[in-house]
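One structure below.
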Amino acid sequence: MLQSRFFAFVLVVILFAGCATVPITGRRQLSFVPQSQLFTLSEEGYRQLISESKLSDDPQKMEMVVTAGKKIAQAAEEFMRENDMEEEIKNYEWEFNLIEDGATVNAFCMPGGKIAVYTGILPVTQDETGLAVVLGHEVAHAIANHGGERMSHLLMVQLGATGLSVAASQHSEQTKQILLQAYGAGTNVGFILPYSRKHELEADHIGLILMARAGYNPKKAIPFWRRMDTMGGERPPEFLSTHPEPAKRIEDIKKALPAAMKYYKKQ
């Protein structure tokens, strides 16, 4: 009886789980984490990080981050308005910070539009256009709701683990643990990691469109990602990685460039 109730509950969750459409790519995604919850968690995490970090006091670098960030954000808002998706970002409050950390080659955009760039990535971006590649990619993650989709996937995996635990309750504890470990490894390699790589490639695609609409040449994405490739060091096999293999990434960018260039040529 307990198993039947549980699986009935899971079925209800699946049937009533929200689905959304990713901007630009049109991919349908699982999304049943409320945006308000995402924004609250993001705001709290962002404020804590900023309070614990040393912000750059270089006005030229900061100006470059803000300039590129605002152009990309405006391009994102314009696209969403033109495609009747303004509701998805109506509560975004864009903010840009440059964190002084030369060892961290990274940047991010939280759901809600909170952006941080680490100074460690600036030697790789080289200029404002290179920075636009990064910010286009990160803003793309945010407007595509990749964070909410990841949380939705993790909740589904947790539901599955609970169901498996209930189903295996009649077996020995050792057998139960073996089943749960196999389930965890299988869902990670077969579900979570592939979607992470999908998100990265999708953010590349959307990011090209955003930077082109913002007036930056999307062709500059290829040399940027080649430079990033040299920073990667030794990598795990792609099926165990959160990111796509660099050659695959560049190949997909080349395929997406013609569509992006149409927007750039209109500038």
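Taken together, the values in this text are just the output of simple stated rules run on the coordinates, not laboratory data. Predicted model, so just to flag it, every value in this text is computed and none were measured. Neighbour counts are summed over all protein chains in view; Cβ atoms, including those assigned to glycine, are modelled from backbone coordinates with ideal geometry.
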Cβ density ranking, 10 Å radius, fewest first, applied to 204, 252, 84 yields 84, 252, 204
Quick one: pull the percentage of alpha-carbon pairs in the stretch 40-117 with a separation above 14 Å. 65 percent
Apply 1/(1 + (r/R0)^6) to the Cβ-Cβ distance of residue 52 and residue 126, taking R0 = 45 Å, and write down the FRET efficiency to the nearest 0.05. 0.95
Unit charges on C-beta of K, R, D, E only; dipole of the chain, Debye: 840 debye
Let me know the Kirkwood hydrodynamic radius for the stretch 89-187, please, with Cα pairs as the basis and the value in Å to one decimal. 16.5 Å
Principal-axis tilt of helix 2-16 within the chain, Cα atoms, nearest 10 degrees: 30 degrees
Taking the Cβ of residue 131 as the centre, find all other residues whose Cβ is under 15 Å away and add up their charges (Lys, Arg: +1; Asp, Glu: -1). 0
From phi via Karplus (6.51, -1.76, 1.60), per-residue ³J(HN,Hα) for the stretch 24-31 in Hz, x at Gly/Pro: 6, 7, x, 5, 7, 9, 7, 7
What value does the stretch 136-222 have for Rg/Rh, both radii from Cα atoms and Rh as Kirkwood defines it? 1.24
Where in the chain lies the longest segment free of trypsin sites (Lys or Arg not before Pro) that are both loop residues by DSSP (not H, G, I, E, B) and have at most 12 other Cβ atoms within 10 Å? 91-264
Need one number: the % of Cα-Cα pairs in the stretch 109-164 sitting beyond the 17 Å mark. 52 percent
Fewest-first ordering of 109, 19 by Cβ atoms within 10 Å yields 19, 109
Calculate the length of the line joining the C-alpha centroid of the stretch 173-211 to that of the stretch 107-121, in whole Å. 23 Å
On the Cα set of the chain, report Rg and Dmax in Å, please. 20.4, 67
Provide the net charge surrounding residue 156, with neighbours chosen by a C-beta distance below 13 Å and charges set as Lys +1, Arg +1, Asp -1, Glu -1. 0
Counting other Cβ atoms within 10 Å of each Cβ, which GluC sites (Glu not before Pro) in the stretch 38-108 have at most 14 and sit in a DSSP loop? 93
Among 259, 182, 98, flag the residue with its Cα farthest along the positive direction of the charge dipole of the chain, charges on Cβ as +1 for Lys/Arg and -1 for Asp/Glu. 259
Under a point-charge model restricted to the Cβ atoms of Lys and Arg (+1) and Asp and Glu (-1), what is the dipole moment magnitude of the stretch 70-151 relative to its Cα centre, in debye to the nearest 20? 180 debye
Evaluate the charge dipole of the stretch 42-110 about its Cα centre and quote only its size in Debye, nearest 20, assuming +1 on the Cβ of each Lys and Arg and -1 on the Cβ of each Asp and Glu. 240 debye
Scoring only Lys, Arg, Asp and Glu (+1, +1, -1, -1) among other residues with Cβ under 14 Å from the Cβ of residue 41 yields +1
